[in-house]
Amino acid sequence: MRSAAQALLRYSALLSQQASRTSAAAQAVQAAACLSNQRWFATNSHDIFNVHRHEAHNNWDTEFDFTDANYEKVAEVISRYPSNYKASALIPLLDLAQQQNDGWLSLAAMNRVAKVLDMPEIRVYEVATFYTMFNRSKMGRYHVMVCGTTPCMLQGAKGIYKALKEHLGIDYGQTTPDGMFTLGEMECMGACVNAPMIAVADYGGGVEGFSYSYFEDLTPADTVAIVDTLKKGGKPKIGSQHRSKAEPAGAVIGGKWVPSKPTPEQMTLMGEPPGPYCRNLDEVPAAQAPPAPPK
Amino acid sequence: MQGRSVAAAARQLRRASWLQAQRGLSAQPAPADDGMVEVFVNGQATKVARGSNVLQACDAAGVDIPRFCYHQRLSIAGNCRMCLVEVEKSPKPVASCAMPAAPGMVIRTHTPLVKKAREGVMELLLINHPLDCPICDQGGECDLQDQSMVFGSDRSRFTEVKRAVSDKNLGPLVKTVMTRCIHCTRCIRFAKEVAGTDDLGITGRGRDAEVGTYVDKLLTSELSGNVIDLCPVGALTSKPAAFTYRNWELKSTESVDTSDALGANIRVDSRGVEVIRIVPRLNEDVNQEWISDKARFQYDALRYQRLNVPYIKGEQGLQQATWPDAFAAVAKAAGGLKGSEMRAVAGRLADAESLVALKDLMNRLGCGDLRVEGGSSDFDADVRSSYLFNSSVVGLDAADAILLVGCNPRLEAPVLNARLRAANLSGVPVAAVGEAYDLTYPVEQLGEGADTLDKLLKNGSEYLKRFKGASRPMVIVGAGVLQRADRDAVLQKVHKLVEKADVVREGWNGFNVMHDAAARVAALDLGFLPSPRARAAKAAPKLVYLLGADDYSEADVPADAFVVYQGHHGDRGAARADVVLPGTAYTEKVGTYVNMEGRPQSTKTATASLGDARDDWKVVRALSEVLGAPLPYNSLEEVRRRLADVAPHLGRRDAVEPPLWLNGEYFKAFAEKARKASTGGEPLASSMPHFSAFYQTDSISRASKVMAKCIKARQQPVPGVRAASAGM
């Protein structure tokens, strides 16, 4: 039922978007569409349309070019691939362009990459719209992405989302008025053992200052603290907030860190491991013994 | 490297023969390798060429495989999954279009597994397909509709809401309803591979994927209409014909296109007296299965600007008249004139029958001043090979080096350009002398002016060396060259190049002329050219007969001459005329047209002629009676017999008579004649330098609203872009 409602919302968003092409209306539509917090699979929460609409800051007249320093990087990336397969450098170059362009790919940036790689523009648009880590609309300085895949969800990702939403005053796909944070969702980032987690991309410092950090073992309070530290210009602790790596030291349960000291036998690999044990696969179960060959 | 692999191959061979000996097989002769592979389709042994896929093998066995994304002229995508079949020893059903046929493969196409698999695919395709067949223009000729009758379910298990996709504006020709799209990517592959304008793609992913251009953009191809035929559903349909027909209401007539000199084979679909649409007809030797946008969409002009009654110029301009009055007016004007005071000019759409009738009539009246419009009237047409596309259109596929001289095939013959592009993609280098045009593939520009040919002819010329090295070199001379004042001098240089580079050799004639008008070759074949005496004559004619000629040069029609215009559209010629005789357009008559390679083909009557209009040869025949020089034929068969008398190869339809080269003797004589001529400095330009010339070429396309819209759209192909980067 819920998904049907969302589909209707998206449909109406498309319709009204077709009707009104002004960028303000398009933004309002986008914001409305973003209010349904879960949309279709692997859709960028900030880029819900897969076609380009001209906006004041993103149209044919917008300009983009790599800096000289970045052109050196471009040359290095292209040199990794055979000259007749130059297009292989597409994804690294789009990433580079995105870092240089404050975290998003304008039409001009994609066209520039197409030009550098000597390929049709549409082939660049195809790739940029396919991958959710390429942003095609303007981003805040920090892109805060909440993992909502099963392990994180079971460990309290919803609480993290709620805390961020209330603290920052924005929903998925939106940016704070001061341009500091864009809230987003994402699929599994592989840090499940330290769930729940968020990833924060820092687009403030261009290519040199770019960072993409995980913050793990989060409680809602931790999350708010991280965001506040970032806002003040500080550097929050990267990785797990409560343990050193992924050792068995506890877990986030009900929005609180609950430490659990392992027993001595859990801390060594020298002795007989405690159960449960695997059954012996070589042993033929008696009931399934092969029938005697016919005489 | 090579030596090592040869040694390895030899080792392998020895080992293989040793293995054979061990198995006692060496005594048996190896099966002859005929390049064929034997597979079994539903138990029936079928041989297909090596490299074929399973789908082609099934086709060869006469087993129908449903498909959406597979198309024999496009690369294989394998993404619709509708062509699933069962192959023995394969655990899952395989997509037959993407699976190569292997020797001894056992293929089953009618098993329960295959049926179930295809039903599953069909269910998924229909999940997001709207149920709007009643208002869809593809309804009745839709692959999805047809195949859902076999593999579709009568109810849906899908309880969510269907997705919606915003429509794309692809210009005035192709209408899009993108919600209907099933993502077969045929249009994308066509644009990329055949048309060469890489603007279409899939953006987004998963359920949000959509086909489009991402940014608003026009399809800037002269072949864009073909995506309508390629689209297996109703996502891409004809914009001009939207909501005007149901395909089962239409009567189909197999005909020939006259919008360019290629003579693309078309099917004219009509309802009553109206042409509703024009689609291509398969002919591997001419147009494969593509036609240009002009051929496809100019038909709306058959409703506008038509001449349906005779007109006589009176006090207040042209006045409607009857046939007897019009003929009487012509007879009165011609009454006191000698034959040498008359002239006939044939237009670019004239059929061979009317040409021969008019030639006979003028000759009987003692007039030898016969011309074709477009400036090449003093062309010497003694030898067919001097004005034909000698390599033939199919021969183009065999060429391994191509030199274009002053032509723009993209606009002059877009379908031929697609063939050139295919050759280029397969590695054939294309070079050009003359103005640079965007031909959708890389062209080596050797220079603009005729002096470039001199440079090429020098012994040290690097290009000449390369061109000579080719085994099947090809020179293509554009119609623009034939219309130049210094034509003879330029042609002489081209002929020198032909000689020097051995372009004509045993079994290969690489000298080609690419004409830009449907009537041109027939006119030259029939000798519709001024006689030597007419060429020498200085006196201006007092009566000019325009046979559909609208692009005549002012010099051909003196200001004080009495002008008779015979044609089907009110254009420049009719406006100038004193008497207008209404003829029929190519969809209304049976007429012979000879394409640029010399292939006579016939149009057929799809719709009845309009009002009082009559077939052109009949008009000339009737007029001959009034002028007192009756022509000796009364039926189409008799005219065609006369055609075959004048030019025997015109009696054999749909076949190309290989033109004689005469060992180049003719060109030696030609060079002798043109020795004194010198070339001008202006660049060798195409007769169609700009897209507006392509969309508005003759009296039909000039009357077409759709073609006018195309020009307007092409002036700004990318909305919102600065004009400088808009390109061609």
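The values are calculated or read from the model by the stated rules, or taken from the named source; none is laboratory data. All of these numbers come straight from a predicted model, not from anything done at the bench. In this analysis, Cβ positions are derived from the backbone assuming ideal geometry, glycine residues included, and neighbour counts consider all displayed protein chains. Ligands, DNA and RNA are stripped out before the accessible areas are found, and what is left, the full protein with its side chains, is counted by its heavy atoms. Shrake-Rupley method; radii C 1.70, N 1.55, O 1.52, S 1.80 Å.
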Checked segment B:310-330 for anything of a type outside the set (S, T, N, Q) and surrounded by fewer than 16 Cβ atoms within 10 Å (Cβ to Cβ); matches are B:GLY314, B:GLU315, B:GLY317, B:PRO324, B:ASP325, B:ALA328
Considering only segment B:64-92, state which residues are open to solvent by 20 Å² or more (accessible area, probe 1.4 Å) and either farther than 19 Å from B:SER148 by Cβ or part of a helix (DSSP H, G or I) (or both). B:GLN72, B:ARG73, B:SER75, B:ILE76, B:ALA77, B:GLU86, B:GLU88, B:LYS89, B:SER90, B:PRO91, B:LYS92
Could you grab me the full set of residues in segment B:509-565 that are part of a helix (DSSP H, G or I) and among the basic types (Lys, Arg)? B:ARG520, B:ARG533, B:ARG535
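Every residue, every condition in (1) buried (at least 23 other Cβ atoms within 10 Å of the Cβ); (2) among the hydrophobic types (A, V, I, L, M, F, W, C); (3) under 29 Å from B:ALA523 (Cα atoms), yes or no:
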position: B:SER386; (1), (2), (3): no, no, yes
position: B:LEU396; (1), (2), (3): no, yes, yes
position: B:ILE402; (1), (2), (3): yes, yes, yes
position: B:GLY406; (1), (2), (3): yes, no, yes
position: B:ALA422; (1), (2), (3): no, yes, no
position: B:SER426; (1), (2), (3): no, no, no
position: B:VAL443; (1), (2), (3): no, yes, no
position: B:ASN459; (1), (2), (3): no, no, no
position: B:PHE467; (1), (2), (3): yes, yes, no
Taking segment B:335-354 as the search range and keeping residues that are surrounded by fewer than 24 Cβ atoms within 10 Å (Cβ to Cβ) and not charged (D, E, K, R), which one is farthest from the chain's Cα centre (by Cα)? B:GLY336
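At least 3 residues that are of a type in the set (A, V, I, L, M, F, W, C) and open to solvent by 20 Å² or more (accessible area, probe 1.4 Å) in each: list the helices (runs of 4 or more DSSP H) lying fully within segment A:144-242 that qualify.
Those helices (runs of 4 or more DSSP H) span A:220-232.
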Could you tell me whether segment A:109-119 includes any residue that is assigned to a helix (DSSP H, G or I), free of Cβ contacts under 8 Å to residues at least 40 places away in the same chain and open to solvent by 30 Å² or more (accessible area, probe 1.4 Å)? yes
The condition of being open to solvent by less than 60 Å² (accessible area, probe 1.4 Å), within 14 Å of another protein chain (Cβ to nearest Cβ) and at negative phi holds, among A:GLU63, A:GLU55, only for A:GLU55
Residues satisfying the stated conditions in segment B:688-709, i.e. of a type in the set (D, E, K, R) and open to solvent by 10 Å² or more (accessible area, probe 1.4 Å): B:ARG702, B:LYS705, B:LYS709
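Can you work out which of the residues in segment A:66-94 that are open to solvent by less than 30 Å² (accessible area, probe 1.4 Å) and either modelled with pLDDT under 95 or not aromatic (Phe, Trp, Tyr) (or both) is nearest to the chain's Cα centre (by Cα)?
So, considering only residues that are open to solvent by less than 30 Å² (accessible area, probe 1.4 Å) and either modelled with pLDDT under 95 or not aromatic (Phe, Trp, Tyr) (or both), the one nearest to the chain's Cα centre (by Cα) is A:LEU94.
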Which is surrounded by fewer than 24 Cβ atoms within 10 Å (Cβ to Cβ) and touching a helix residue (DSSP H, G or I) at 6+ places or on another chain (Cβ under 9 Å), of B:ALA357, B:ALA431? B:ALA431
Quick one: A:ALA97 ticks every box in (1) open to solvent by less than 50 Å² (accessible area, probe 1.4 Å); (2) in a helix (DSSP H, G or I); (3) within 14 Å of another protein chain (Cβ to nearest Cβ); (4) not aromatic (Phe, Trp, Tyr) bar one, so which box is it? (3)
Quickly run through segment B:630-651 and pick out the residues that are surrounded by 17 or more Cβ atoms within 10 Å (Cβ to Cβ) and over 28 Å from the mean Cα position of the chain (by Cα). B:LEU631, B:TYR633, B:ARG642
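Considering segment B:213-236 alone, what residues qualify as being of a type in the set (Ser, Thr, Tyr) and more than 9 Å from chain A (Cβ to nearest Cβ)?
Within segment B:213-236, B:THR220, B:SER221, B:SER224 qualify.
Check segment B:648-660 and report whether any residue there is out of contact with any helix residue (DSSP H, G or I) (no Cβ under 7 Å at 6 or more places or on another chain), closer than 30 Å to B:GLN445 by Cα and at pLDDT 90 or above.
no
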So B:GLN56 fits all but one of (1) over 32 Å from the mean Cα position of the chain (by Cα); (2) open to solvent by 50 Å² or more (accessible area, probe 1.4 Å); what number is the exception? (1)
May I ask you to list the residues in segment B:165-187 that are at the interface with chain A (Cβ under 9 Å from one of its Cβ atoms) and either under 21 Å from the mean Cα position of the chain (by Cα) or open to solvent by 20 Å² or more (accessible area, probe 1.4 Å) (or both)? B:ASP167, B:LYS168
Checked pairs for segment B:194-207, first farther than 16 Å from A:THR129 by Cβ and more than 7 Å from every other protein chain (Cβ to nearest Cβ), second surrounded by 23 or more Cβ atoms within 10 Å (Cβ to Cβ) and among the β-branched types (Val, Ile, Thr), C-beta under 6 Å and 6 or more apart or across chains, list as B:GLY196/B:THR440
When you check B:LYS162 against the structure, is it among the basic types (Lys, Arg), within 12 Å of chain A (Cβ to nearest Cβ) and under 34 Å from the mean Cα position of the chain (by Cα), yes or no? no
I'd like to know if segment B:634-653 contains one or more residues that are under 19 Å from B:ASP257 (Cα atoms) and part of a loop (DSSP other than H, G, I, E, B). yes
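Criterion first (of a type in the set (Gly, Ala, Ser), surrounded by fewer than 23 Cβ atoms within 10 Å (Cβ to Cβ) and assigned to a loop (DSSP other than H, G, I, E, B)) does A:GLY140 satisfy it?
No: the conditions fail for A:GLY140.
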Could you look through segment B:591-629, keep only residues that are small (Gly, Ala, Ser) and under 21 Å from B:VAL394 (Cα atoms), and pick out the one that is most open to solvent (accessible area, probe 1.4 Å)? B:SER602
Of the conditions (1) touching a residue at least 24 places away in the same chain (Cβ under 8 Å); (2) within 19 Å of the chain's Cα centre (by Cα), B:ASN424 fails just one. Which one is it? (1)
Could you tell me which numbered condition B:GLU210 fails, if it satisfies all but one of (1) crowded, with 24+ Cβ neighbours inside 10 Å; (2) touching a Ser or Thr at 6+ places or on another chain (Cβ under 7 Å); (3) within 14 Å of chain A (Cβ to nearest Cβ)? (1)
